[in-house]
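Notes for the one structure printed next.
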Amino acid sequence: MTKDNEQRSKLGDTIFAVFHLFLLITVVVYAVIGLVQGNTMRFAVIMAGLVLYYFLVLRKAVFKEIDRKRKLRSSGPPGKP
């Protein structure tokens, strides 16, 4: 992969992550609005769906990222013993 392609890939990954974060926040806000209006069933179904989405899709990637950050932190800054 060339340097230009790597930069595009990082930018694409960032745009993808920000877009999905915005969508998740929007769904949570929608669920809370439903709860405030007294529609507890809507809130429960949406939140259960988000929890299911986390466990089925996001959990593995979140743990990989945590492990990657731990390894980077434990190895210390580059160039230092």
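The table for this structure:
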| read-out | value |
| --- | --- |
| Relative packing of peptides 59-70, 27-38 - highest average C-beta neighbours within 10 Å first | 27-38, 59-70 |
| Fully extended contour minus Cα-Cα distance, from F16 to V57, at 0.36 nm per residue | 13.3 nm |
| Of A48, L11, V29, farthest towards positive along the dipole that unit charges on Lys, Arg, Asp, Glu beta carbons give the range 10-81 | L11 |
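Each value in this text was obtained by applying a stated rule to the coordinates, not by laboratory testing. Everything numeric here is computed off the predicted structure, so don't read it as measured data. Please note: Cβ atoms are built from the backbone with ideal geometry, for glycine as well, and neighbour counts cover all protein chains shown.
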